[in-house]
Amino acid sequence: MENRSTKIENLNFQEVESRVLSTNILFRQVFSWMFVGLLLTTISSLYFGLNPEVMRYLFSVNESGAKLNFLGWIVMLAPLGFVFTMSLAFKRLSFVQLASIFILYALVNGISLGFIFYVYEIGSIFKAFLSAAALFAVMSIAGYTTKTDLTSLGKILFFGLIGIIIASIINFFMKSSAMDYIISIFGVIIFTGLTAYDVQKIKLLSYESDGSVMYRKLGIMGALNLYLDFINLFLYLLRLFGNKRD
């Protein structure tokens, strides 16, 4: 009986050890890719945001003011196309193709974010970035360590996300500052919650990791989800508390 009990305990220990190893491997991949994405986005946004002569390629100036030109609209809309491509064609794309699209997405998204340097003070941008990083770190730890199943919360947050997207489209035409403020508050709440939810989802997926190409691709997709959580959290915090340039 003792030998049998010992074998069962050893088996359970091996299962736990295997789970921990799989989790560590996947999270290492996820956060490595996320770091690469954020680094590329930061570099490209700084380059375009701090070089007006380069930024002029993205808009045209006429009597009514500055407006996005054809290239500018491509830069603004392309990131959305990259995200849809990665999400919908995930299984068909090879690891190299998926990684290449993610890198290209991070670079182009950085160019589109270069516009914030013309709207907000650099100090406000820096503070919003640090605040987003701190909040992201706290919620990542919460999502990783909590024993509560966040699946139901994820569904609620998803519908909330659809709601603020619709509200943002409506407010694009209404141009209501009060509505923009409310949308920003809900945006911070939603992406704060989504950070914890996505981290827990990645943790659960890691238990089934077998080191195959599919799970290496999951590392990139996990990085994309967390990257989007962080960027949106940063932008909504900036809209709430950022000081605009004169």
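The values are calculated or read from the model by the stated rules, or taken from the named source; none is laboratory data. A quick note: this is a predicted structure, and the numbers were derived from the prediction, not measured. We place every Cβ from the backbone using ideal geometry, glycine too, and count neighbours over all the protein chains shown.
For segment 127-155, the set of residues classified as closer than 16 Å to Asp198 by Cβ and part of a loop (DSSP other than H, G, I, E, B) consists of Thr146, Thr148, Asp149, Leu150, listed by residue number.
The single residue among Gly163, Gly222 that is touching a helix residue (DSSP H, G or I) at 6+ places or on another chain (Cβ under 7 Å) and small (Gly, Ala, Ser) turns out to be Gly222. When only residues in segment 67-81 that are part of a helix (DSSP H, G or I) and among the aliphatic types (A, V, I, L, M) count, which is farthest from Arg56 (Cα to Cα)? In this case the residue turns out to be Leu80. Only residues in segment 123-139 that are hydroxyl-bearing (Ser, Thr, Tyr) count as the first member; pair them with residues that are at pLDDT below 95, Cβ under 6 angstrom, at least 6 apart or cross-chain, and list the lot. Pairs that qualify, where the first residue is hydroxyl-bearing (Ser, Thr, Tyr) and the partner is at pLDDT below 95, are Ser124/Gly242; Ser124/Asn243.
When Ser124, Ser100, Ser112 are screened for being farther than 20 Å from Ala78 by Cβ, of a type in the set (Ser, Thr, Tyr) and part of a helix (DSSP H, G or I), only Ser124 passes.
Do you know which residues across segment 116-128 are in contact with a Leu (Cβ under 8 Å, 6 or more places away or on another chain) and either under 29 Å from Arg28 (Cβ atoms) or of a type outside the set (Gly, Ala, Ser) (or both)? The answer is Ile116, Phe117, Tyr120, Ile125, Ala128. Contact list please: Cβ distance under 7 Å, first residue in segment 85-107 and under 17 Å from Met214 (Cβ atoms), second residue of a type in the set (D, E, K, R), pairs at least six apart or on different chains. What qualifies is Phe90/Lys217; Phe95/Arg216; Phe95/Lys217; Leu98/Lys217. Among the residues making up segment 66-86, those that are closer than 12 Å to Ile111 by Cα and buried (at least 16 other Cβ atoms within 10 Å of the Cβ) are Gly72, Val75, Met76, Ala78, Pro79.
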